[in-house]
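The structure appears right after this line, and notes come after that.
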Amino acid sequence: MFVTLLGTLKQAISVKLLLSTVILMSLSHFGQAQDLGSAQLTAKEWFGVLELPFLLVCLFFAFRTAKALKGGVFGDGMSLLAWGFLVMAIGHLHMQLDHFYNLNLFNHFFGSNFGNKLWFVALVITWALSGLGFYRIHQASKVQ
């Protein structure tokens, strides 16, 4: 019992450490954005900055849940969802870089035309992975 309690305590501490790190990174990002000349962030910009830490926490738990399910239909579905969330998180980070620093990585590295096409492909990949993951979980949860 003590070993189980110790393992739970270690997990709680690691989750708190992860949350603290992500929140501090978010606040650091906010401070840098203000240094670029924007006197005050709007509510829309605040939500954009605050969504990243929560998305990272969701990613952490999505992969952790997929690993805990150890394969099978539910585990495969959750794994697909986690990978879809990862692509989504990268896309959201890209959007924040574009908004706050006017740095569009797709256009910078691949040109305006092809960069926009790659952005669309990334969106489709996110939708496809998430949809397939939910479909697999739905199929596994059906009562036969």
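Please find the FRET efficiency linking LEU118 to THR42, where r is the Cβ-Cβ separation and R0 is fixed at 25 Å, and quote it to the nearest 0.05.
So, using R0 = 25 Å, E works out to roughly 0.30.
Once you order the gyration tensor axes a ≥ b ≥ c over the Cα atoms, which shape class does the stretch 87-140 get: rounded for a/c under 1.5, otherwise prolate or oblate by comparing a/b with b/c?
oblate
What whole number of Å gives the distance from the Cα centroid of the stretch 89-114 to the Cα centroid of the stretch 66-80?
About 31 Å separates the Cα centre of the stretch 66-80 from the one of the stretch 89-114.
Every read-out reported here was derived from the displayed coordinates using simple, explicitly stated rules and does not represent laboratory data. Nothing here was measured: the structure is a model prediction, and the numbers come from that model. Counting neighbours? That spans all protein chains shown, and the Cβs are built from the backbone with ideal geometry, glycine included.
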